[in-house]
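S.K.: Pasting a structure here, questions to come.
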Amino acid sequence: MNFASDNIVGASAPVLQAIMQANAGTMTAYGNDEISKRVRACFNEIFEREVSVFFVTTGTAANALALASAVPPYGLCVCHREAHIIDDECGAPEFFMHGAKLAGLPGIGAKLSAEDVVAYLKSLPKAVKQMPPKGLSISQVSEGGMVYSLDEIAALGAICREHGLSFHMDGARFVNALVSLGCTPAEMTWKQGVDILSFGATKNGGLMAEAIVVFRKDLAEALDYRSKRAGQIISKGRLIAAQFEGYFADDHWLDNARHANRMAAFLSEGLLQLPRVRLAWPTQANEVFPIIPKTLDQALKAAGILYNPWTELSLPETERVGDHKVLIRLVTSWASREEDVRRLLEVASSGLSREAAE
Ligand SMILES: Cc1ncc(COP(=O)(O)O)c(C=O)c1O
């Protein structure tokens, strides 16, 4: 049983079928094909306005190229200190930004608060020696599995406008947040001031399906060139675009995310029934962050259940994990099976009862 991430499973059947269908015959290369055009139009529909769309193959490429478009080489880009862009991309965003720097702030559940961002911006000296803040990036869902509400995104959007920052959203788990909030893609992005989005589909059923969605025309101007220089203009682009046709058709993307979120809710409800187990913060999408006794950690591992330990950096000041416990991350996906979640809960429950009896 594997709860290590939502990219440990393959691609979903509708996505693979769409690739198979797109595979037949010949079409213009480098994204100038009919399927890519259709999918771009589909993004316009989904976001209820004209958007510029650039297909890429990884979330890291989407983030790095989006941020390079949004932040000049002398600028600072504010993000959470656990953000994927600062912690998990081997410096790719800073590499592609050509000198711009990421500034990581704290925040519970890996979420930025408007107050902390304002305080940080105010603390920066207005001197030529200080890199000026030019960008803000949030992850929706956050690296702590938490979802920014529309009001929270709007508050950050207002700060961006007031201080002249471009607003980037890392949407590796975009749709998990979307169905959690029950809002529209437009409401979760440009209507709250988001300028540029890394739209992830790989984790939710894609094979390698990521897109940069741009809401501000000026940020899209050089993106074709930046993508080409990064090796992200895919020659058989129709096979990348086709994945999105399968993904969007018949609300497949929404159904997948609802399933993943439901499995996470089921898992966290079950964990909360167990003695000496608590959640670091609430489960809001498809990731669960329980704090469990080390003995239980050992029992789960002995049963062959895979997952990752997590940092306590984003816990509230007053809440430490303690010496005998460990904070872990359990991720569910579109393909998670209810029986596997039940099995994990059974192993956990019997591990804890055995320990209590000893
Ligand atoms: C928040 C976040 N952003 C971006 C990514 C995309 O990374 P990759 O380059 O592995 O597709 C991930 C994947 O783990 C992620 O969790």
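The values are calculated or read from the model by the stated rules, or taken from the named source; none is laboratory data. Remember, predicted model here, so these are calculated numbers, not experimental data. Methodologically, a virtual Cβ is constructed for each residue, glycine included, from the backbone with ideal geometry; neighbour enumeration extends over all protein chains shown. Please note that ligands, DNA and RNA were not included when accessible areas were found on the heavy atoms of the full protein model with its side chains. Shrake-Rupley method; radii C 1.70, N 1.55, O 1.52, S 1.80 Å.
S.K.: So CYS79 clears everything in (1) more than 16 Å from the ligand (Cβ to nearest atom); (2) crowded, with 21+ Cβ neighbours inside 10 Å except one condition, right? Which one?
M.R.: Result: CYS79 fails condition (1) only.
S.K.: Also: Of (1) away from the ligand (no atom under 16 Å from the Cβ); (2) under 19 Å from TYR148 (Cα atoms), VAL128 satisfies all except one. Which?
M.R.: Unmet condition: (2).
S.K.: Would you pick out the residues in region 179-199 that are surrounded by fewer than 24 Cβ atoms within 10 Å (Cβ to Cβ), under 19 Å from SER137 (Cα atoms) and not charged (D, E, K, R)?
M.R.: PRO185, ALA186, TRP190, GLN192, GLY193, listed by residue number.
S.K.: Can you pull out every residue in region 48-64 that is closer than 28 Å to ILE86 by Cα and either within 16 Å of the ligand (Cβ to nearest atom) or not aliphatic (A, V, I, L, M) (or both)?
M.R.: Scanning region 48-64 gives SER52, PHE54, PHE55, VAL56, THR57, THR58, GLY59, THR60, ALA61, ALA62, ASN63, ALA64.
S.K.: Looking at region 202-220, is at least one residue hydroxyl-bearing (Ser, Thr, Tyr) and touching a Phe, Trp or Tyr at 6+ places or on another chain (Cβ under 9 Å)?
M.R.: no
S.K.: Which one of these is buried (at least 24 other Cβ atoms within 10 Å of the Cβ) and not in a loop (DSSP other than H, G, I, E, B): ASP151, ASP218, ASP224, ASP170?
M.R.: ASP170
S.K.: Taking the options ILE240, ILE212, ILE234, name whichever one is under 25 Å from LEU16 (Cα atoms) and either among the acidic types (Asp, Glu) or in a loop (DSSP other than H, G, I, E, B) (or both).
M.R.: ILE234
S.K.: Evaluate region 102-116: report whether one residue or more is within 14 Å of the ligand (Cβ to nearest atom), open to solvent by 30 Å² or more (accessible area, probe 1.4 Å), within 24 Å of VAL213 (Cβ to Cβ) and over 15 Å from the mean Cα position of the chain (by Cα).
M.R.: no
S.K.: What's the number of the only condition in (1) within 24 Å of GLN140 (Cβ to Cβ); (2) in a loop (DSSP other than H, G, I, E, B); (3) open to solvent by 70 Å² or more (accessible area, probe 1.4 Å) that ARG276 fails to meet?
M.R.: Every condition holds for ARG276 apart from (1).
S.K.: Looking at ASP87, ASP6, which is the one that is open to solvent by 70 Å² or more (accessible area, probe 1.4 Å) and under 19 Å from the mean Cα position of the chain (by Cα)?
M.R.: Working: ASP6 fails: open to solvent by 70 Å² or more (accessible area, probe 1.4 Å).
Selected residue: ASP87, the only one of ASP87, ASP6 that is open to solvent by 70 Å² or more (accessible area, probe 1.4 Å) and under 19 Å from the mean Cα position of the chain (by Cα).
S.K.: I would also like to ask the following. Among the listed residues GLY59, GLY31, which satisfies the condition of being more than 18 Å from the chain's Cα centre (by Cα) and not β-branched (Val, Ile, Thr)?
M.R.: Within the list GLY59, GLY31, the selection yields GLY31.
For (1) more than 14 Å from TRP334 (Cβ to Cβ); (2) more than 14 Å from the ligand (Cβ to nearest atom); (3) not β-branched (Val, Ile, Thr), each residue gets a yes or a no:
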{"site": "HIS168", "(1), (2), (3)": "yes, no, yes"}
{"site": "GLY182", "(1), (2), (3)": "yes, yes, yes"}
{"site": "GLU187", "(1), (2), (3)": "yes, yes, yes"}
{"site": "TRP190", "(1), (2), (3)": "yes, yes, yes"}
{"site": "SER198", "(1), (2), (3)": "yes, no, yes"}
{"site": "VAL214", "(1), (2), (3)": "yes, yes, no"}
{"site": "ASP218", "(1), (2), (3)": "yes, yes, yes"}
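S.K.: Considering only region 327-348, state which residues are surrounded by fewer than 18 Cβ atoms within 10 Å (Cβ to Cβ) and farther than 26 Å from HIS252 by Cα.
M.R.: ARG343, LEU345, GLU346 - these are the residues of region 327-348 that are surrounded by fewer than 18 Cβ atoms within 10 Å (Cβ to Cβ) and farther than 26 Å from HIS252 by Cα.
S.K.: Quick check on region 227-241: of everything there that is more than 16 Å from the ligand (Cβ to nearest atom) and farther than 19 Å from VAL51 by Cβ, which residue is most open to solvent (accessible area, probe 1.4 Å)?
M.R.: Here is the first cut: in region 227-241, the ones more than 16 Å from the ligand (Cβ to nearest atom) are 228-229, 233, 235-239, 241.
This time we only want the ones that are farther than 19 Å from VAL51 by Cβ, so: 228-229, 235-236, 238-239.
Values: LYS228: 116, ARG229: 205, SER235: 56, LYS236: 141, ARG238: 35, LEU239: 42 Å².
By that ranking, first place goes to ARG229.
S.K.: Under 19 Å from ASN44 (Cα atoms), in contact with a helix residue (DSSP H, G or I) (Cβ under 8 Å, 6 or more places away or on another chain), within 16 Å of the ligand (Cβ to nearest atom) and not in a helix (DSSP H, G or I): which single residue out of VAL141, VAL194, VAL175 fits that description?
M.R.: Exactly one of VAL141, VAL194, VAL175 is under 19 Å from ASN44 (Cα atoms), in contact with a helix residue (DSSP H, G or I) (Cβ under 8 Å, 6 or more places away or on another chain), within 16 Å of the ligand (Cβ to nearest atom) and not in a helix (DSSP H, G or I), namely VAL194.
S.K.: Can you say whether ALA260 is in contact (Cβ under 8 Å) with a residue 12 or more places away in the chain, part of a helix (DSSP H, G or I) and open to solvent by 10 Å² or more (accessible area, probe 1.4 Å), as far as the supplied structure shows?
M.R.: So ALA260 fails the test.
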